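Q: Have a look at the structure that comes next, please.
The values are calculated or read from the model by the stated rules, or taken from the named source; none is laboratory data. What you see is a predicted model; the values in this text were computed from it and never measured. Note that we place each Cβ from the backbone using ideal geometry, even for glycine, and neighbour counts take in every protein chain shown.
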Amino acid sequence: MEYDENGVSIVPSEFKKEIFEEAKKDFRYEEYVRGCLNCGVCSGGCPPHRFFDFSPRIVLQKMKSKDPELIWAMMDEYVWACFQCFTCAMICPFLNSPGGIIAILREIAVRRGLESAKKVLKPYSRVLLKLTAYGNQLSSDMIQPDFFPDWGPHIGYASADLAIKRKAIPMPTLQVTNLAWDVAPEAMKELYDIFDEAGVFKIIESVDPSLYEIIEDIVDDVRNS
Amino acid sequence: MAENILVVGGGPAGLHSAVTLADIGANVSLVERDSFLGGNPKKFKYKFLFPDMQPADDVIGELIKRAEKNDGVKIYYSSNVSNFKENEKKFDVTIKSPDASETKTFDSVIVATGFEHFDPARDAKYSYQLFDDVIDIKDLERMMGENNFVRPSNGQPPKNVAFILCVGSRDRHVGNQYCSRVCCTVSVKQAIELRERFPDCDAYIFYMDIRTYGFFEDLYWKAMEEHDVQIVKGRIAEITSGPNNTVICKGEDTLLRGPFEIPFDMVVLASGMEGGPQSSEMVDKLGLELNEHGFLKPQNVTLAPFKSNRKGIFLAGACTGPKAISDSIVEGGAAAMDAYIYAVKNK
């Protein structure tokens with residue numbers, strides 16, 4: 001990567017063009033990008049638009065501009081502001097899907113291991129680990145003040161004495177705090193095969209190599225058990 | 001012997017064609033499904049007509065009077081075409097009235113079955129029928145016509161009113177991709193009317209394009225310059241309930257404000273026009289064709305705009321697409337000419 005005198009990376013225009021071509025080649029592109037009258041109903045219904053500098057109308061307009069510079073400018077932070085709620089797709093009179101375009105661009109960012117993707121996915125490494133290695137998502141021991149500051153002032157209470165609190169749940173649980181549910185080794189092996197086929201492991205390797213190493217060890221252990 | 005011509009539909013187009021035909025000596029049978037003449041303008045009690053704010057009663061009332069007074073026009077109220085058969089180049093038609101059924105032979109037929117207002121309840125984001133203070137274009141015409149313009153929720157005069165354009169038009173989700181042509185002008189007209197009669201009430205118009213085509217543009221400019229109507233570019237994404245018994249319009253001002261949520265005392269939805277079930281009924285009974293938008297299809301939109309796909313059957317007014325009342329009246333006259341020529345040639 002080249003850098004200018006201020007230490008900002010210079011992205012060659014060829015690369016930006018490549019990103020746009022990759023998005024356009026996506027099988028969903030034609031379905032997601034149609035006409036647009038700038039009516040603004042997508043942004044009007046968009047939850048993040050209410051609070052951030054993010055507008056699904058701008059996403060679609062930039063895509064329709066076919067200008068690789070404008071599209072590249074969204075790849076850094078812009079595409080990560082979307083909630084992926086698809087309200088925009090639900091109400092667009094043309095049946096455009098700005099949320100779908102975001103999904104395409106995000107997938108490109110992740111597949112190519114772009115800096116923005118690495119930055120955004122970093123806080124999720126624990127979730128990725130649980131999900132890909134154990135077939136679990138959130139387990140109760142992951143709820144800790146350091147990781148969930150946005151859970152408010154009671155996060156300290158919520159994360160203490162987990163084992164006892166879990167016993168108080170009036171439904172059958174595993175009575176453990178490091179798993180949400182039990183996944184049989186056979187199911188885990190199948191899951192790994194799916195992740196292999198779908199390229200999930202490859203994507204994790206490109207965005208977070210050290211996380212991938214940990215996952216790889218667990219996967220090997222389970223597969224050889 | 002005089003030509004026998006059937007006119008189906010007693011709205012502006014049907015009335016004008018019936019009277020024109022009778023004036024040149026034809027025997028006209030006018031079949032009207034309602035118990036009164038005048039079509040939708042009468043049914044929904046339109047108050048004033050654009051562009052010159054003529055009282056609708058003067059225009060429609062005059063058309064009705066001419067038809068009722070004319071000996072050449074036989075009017076069948078609350079009736080419909082129950083049986084329709086081609087008989088060489090003529091048509092054997094059974095007209096079913098509440099208390100009788102009559103079969104006649106006609107030399108030609110004019111279909112002027114008009115349109116239906118889009119039902120805004122079909123587009124859930126506008127919360128029509130959910131909130132009392134969300135009404136539509138025809139509700140407002142009726143309220144103005146009855147001199148009873150107050151908030152349905154509490155009977156008080158509103159302090160601000162929003163007009164939302166393109167409801168049920170230009171939207172693939174509701175299945176109507178076309179522009180309904182007149183709702184922009186009607187809404188601008190209504191906003192002016194509102195500001196004139198209630199100067200303390202603010203009026204906002206939310207639009208994606210304002211299509212006050214031709215000379216109707218004058219109204220649009222006048223609304224801004226003389227009546228201080230606020231015109232905001234942005235389609236409303238959602239209508240929710242707000243504080244103090246208001247309804248909130250949520251959207252994006254695509255030119256100026258970015259996201260907005262504005263509480264209103266009342267919202268008026270500019271619901272568009274649809275071909276309605278009567279168009280399909282004409283297809284079934286008379287063998288006509290629908291276009292892709294659900295209106296009746298002329299043989300050739302430029303060269304034969306009033307001919308249907310069937311010889312001897314002609315089309316006039318909003319049954320072939322969204323239209324202003326003045327256009328429908330023009331078409332009524334033009335279709336009358338076509339129908340008369342056909343009748344004379346095939347006698």
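Q: Restricting to segment A:54-88, give me the number of residues that are in contact (Cβ under 8 Å) with a residue 24 or more places away in the chain and within 14 Å of chain B (Cβ to nearest Cβ).
A: Qualifying residue count for the region: 10.
Q: Sticking with this structure for a sec: Which residue pairs have Cβ atoms closer than 7 Å, lie 6 or more positions apart in sequence or on different chains, and pair a first residue in segment B:48-72 that is touching a residue at least 24 places away in the same chain (Cβ under 8 Å) with a second residue that is part of a loop (DSSP other than H, G, I, E, B) and of a type in the set (A, V, I, L, M, F, W, C)?
A: Partner pairs satisfying both residue conditions: B:Ile64/B:Leu37; B:Ala67/B:Leu37; B:Gly72/B:Ala26.
Q: Based on this model, can you work out whether B:Lys323 counts as in contact (Cβ under 8 Å) with a residue 60 or more places away in the chain and under 15 Å from the mean Cα position of the chain (by Cα)?
A: Details: in contact (Cβ under 8 Å) with a residue 60 or more places away in the chain: yes; under 15 Å from the mean Cα position of the chain (by Cα): yes.
Spelling it out, B:Lys323 is indeed in contact (Cβ under 8 Å) with a residue 60 or more places away in the chain and under 15 Å from the mean Cα position of the chain (by Cα).
Q: Looking at segment A:165-173, can you tell me whether even one residue there is within 14 Å of chain B (Cβ to nearest Cβ) and in contact with a helix residue (DSSP H, G or I) (Cβ under 9 Å, 6 or more places away or on another chain)?
A: First, pick out the residues of segment A:165-173 that are within 14 Å of chain B (Cβ to nearest Cβ): none.
So far as segment A:165-173 goes, no, none of its residues is within 14 Å of chain B (Cβ to nearest Cβ) and in contact with a helix residue (DSSP H, G or I) (Cβ under 9 Å, 6 or more places away or on another chain).
Q: Select, from A:Lys17, A:Lys62, the only residue that is farther than 28 Å from B:Arg172 by Cα and either in contact with a helix residue (DSSP H, G or I) (Cβ under 8 Å, 6 or more places away or on another chain) or assigned to a loop (DSSP other than H, G, I, E, B) (or both). Give the steps one after another, and end with the answer.
A: Numbers: A:Lys62 fails: farther than 28 Å from B:Arg172 by Cα.
On inspection, the qualifying residue turns out to be A:Lys17.
Q: Turning to a different aspect of this structure: Any residue in segment B:145-156 that is hydrophobic (A, V, I, L, M, F, W, C) and outside any loop (DSSP other than H, G, I, E, B)? It would help to see each step written out before you state the result.
A: So the first thing to find is which residues in segment B:145-156 are hydrophobic (A, V, I, L, M, F, W, C), and the list is B:149-150.
Applying the additional criterion that residues be outside any loop (DSSP other than H, G, I, E, B) yields none.
No; the residues of segment B:145-156 include none that is hydrophobic (A, V, I, L, M, F, W, C) and outside any loop (DSSP other than H, G, I, E, B).
Q: Looking at segment A:26-49, is at least one residue within 14 Å of another protein chain (Cβ to nearest Cβ), of a type in the set (D, E, K, R) and touching a His at 6+ places or on another chain (Cβ under 9 Å)?
A: No.
Q: Quick check: anything in segment A:124-139 of a type in the set (Lys, Arg) and either within 20 Å of the chain's Cα centre (by Cα) or within 14 Å of chain B (Cβ to nearest Cβ) (or both)? Walk me through how you get there before you give the answer.
A: We begin by selecting, within segment A:124-139, every residue of a type in the set (Lys, Arg); these are A:126, A:130.
Next cut, either within 20 Å of the chain's Cα centre (by Cα) or within 14 Å of chain B (Cβ to nearest Cβ) (or both) only: A:126, A:130.
Within segment A:124-139, one or more residues are of a type in the set (Lys, Arg) and either within 20 Å of the chain's Cα centre (by Cα) or within 14 Å of chain B (Cβ to nearest Cβ) (or both).
Q: Are there any pairs, at least 6 apart or on different chains, whose C-beta atoms fall under 8 Å, with the first in segment B:289-309 and assigned by TED's automatic domain parsing to the domain that holds B:Ser108 and the second charged (D, E, K, R) and surrounded by fewer than 18 Cβ atoms within 10 Å (Cβ to Cβ), and if so, which?
A: B:Leu296/B:Glu289; B:Lys297/B:Glu289; B:Ser308/B:Glu289; B:Asn309/B:Glu289
Q: Determine whether B:Ile262 is in contact with a Cys (Cβ under 9 Å, 6 or more places away or on another chain), outside any helix (DSSP H, G or I), more than 8 Å from chain A (Cβ to nearest Cβ) and closer than 21 Å to B:Ile137 by Cβ. So that I can check it myself, show each step before the final result.
A: Numbers: in contact with a Cys (Cβ under 9 Å, 6 or more places away or on another chain): yes; outside any helix (DSSP H, G or I): yes; more than 8 Å from chain A (Cβ to nearest Cβ): yes; closer than 21 Å to B:Ile137 by Cβ: yes.
Yes: the conditions hold for B:Ile262.
Q: Do we find that B:Gly272 is within 30 Å of B:Arg310 (Cβ to Cβ), crowded, with 18+ Cβ neighbours inside 10 Å and within 14 Å of chain A (Cβ to nearest Cβ) in this structure? Explain how you work it out, then say what you get.
A: Working: within 30 Å of B:Arg310 (Cβ to Cβ): yes; crowded, with 18+ Cβ neighbours inside 10 Å: yes; within 14 Å of chain A (Cβ to nearest Cβ): yes.
Yes.
Q: Out of all the residues in segment B:235-246, is one or more crowded, with 24+ Cβ neighbours inside 10 Å, hydrophobic (A, V, I, L, M, F, W, C) and either in contact with a Phe, Trp or Tyr (Cβ under 8 Å, 6 or more places away or on another chain) or under 26 Å from B:Val73 (Cα atoms) (or both)?
A: The answer is yes, given that some residue of segment B:235-246 is crowded, with 24+ Cβ neighbours inside 10 Å, hydrophobic (A, V, I, L, M, F, W, C) and either in contact with a Phe, Trp or Tyr (Cβ under 8 Å, 6 or more places away or on another chain) or under 26 Å from B:Val73 (Cα atoms) (or both).
Q: A further question follows. Name every residue in segment B:294-310 that is surrounded by 15 or more Cβ atoms within 10 Å (Cβ to Cβ), over 20 Å from B:Asp92 (Cα atoms) and not hydrophobic (A, V, I, L, M, F, W, C), in order of residue number.
A: Listed by number, the residues that qualify are B:Gly294, B:Lys297, B:Pro298, B:Gln299, B:Pro305.
Q: Would you confirm, using the coordinates I've provided, whether B:Gly287 is within 14 Å of another protein chain (Cβ to nearest Cβ) and under 27 Å from the mean Cα position of the chain (by Cα)?
A: Numbers: within 14 Å of another protein chain (Cβ to nearest Cβ): no; under 27 Å from the mean Cα position of the chain (by Cα): yes.
In short, no.
Q: Which condition breaks for A:Ile91 when tested against (1) more than 30 Å from A:Pro185 (Cβ to Cβ); (2) within 20 Å of the chain's Cα centre (by Cα)?
A: (2)
Q: Name the single residue, out of those in segment B:180-237 being touching a residue at least 40 places away in the same chain (Cβ under 8 Å) and among the basic types (Lys, Arg), that is nearest to the other protein chains (Cβ to nearest Cβ).
A: Applying the filter and picking the extreme gives B:Arg235.
Q: Also, quick follow-up: Checking the condition among the basic types (Lys, Arg), closer than 22 Å to A:Leu37 by Cβ and surrounded by fewer than 24 Cβ atoms within 10 Å (Cβ to Cβ), which residue from B:Arg195, B:Arg211 passes? Steps first, answer last, please.
A: Values: B:Arg195 fails: closer than 22 Å to A:Leu37 by Cβ.
Of B:Arg195, B:Arg211, the one residue that is among the basic types (Lys, Arg), closer than 22 Å to A:Leu37 by Cβ and surrounded by fewer than 24 Cβ atoms within 10 Å (Cβ to Cβ) is B:Arg211.
Q: Please state which one of A:Val8, A:Val59 is touching a Cys at 6+ places or on another chain (Cβ under 9 Å) and either of a type outside the set (Gly, Ala, Ser) or closer than 16 Å to A:Ile101 by Cα (or both).
A: Values: A:Val8 fails: touching a Cys at 6+ places or on another chain (Cβ under 9 Å).
Criteria check complete, one pass: A:Val59.
Q: For A:Ala103, work out the one condition from (1) in contact with a Ser or Thr (Cβ under 6 Å, 6 or more places away or on another chain); (2) modelled with pLDDT of 95 or more; (3) away from chain B (no Cβ under 14 Å) it doesn't fulfil.
A: Result: A:Ala103 fails condition (1) only.
Q: State the number of residues belonging to segment A:149-200 that are surrounded by 14 or more Cβ atoms within 10 Å (Cβ to Cβ), over 30 Å from A:Arg111 (Cα atoms), at pLDDT below 85 and of a type in the set (A, V, I, L, M, F, W, C).
A: 4
Q: Something else about it: Being more than 14 Å from chain A (Cβ to nearest Cβ) and of a type in the set (Val, Ile, Thr), is that true of even one residue in segment B:157-168? Write out each step before concluding.
A: As a first pass, look at segment B:157-168 and keep what is more than 14 Å from chain A (Cβ to nearest Cβ): B:157-161, B:163.
Now narrow it down to the ones that are of a type in the set (Val, Ile, Thr): B:161.
Yes, segment B:157-168 has at least one match.
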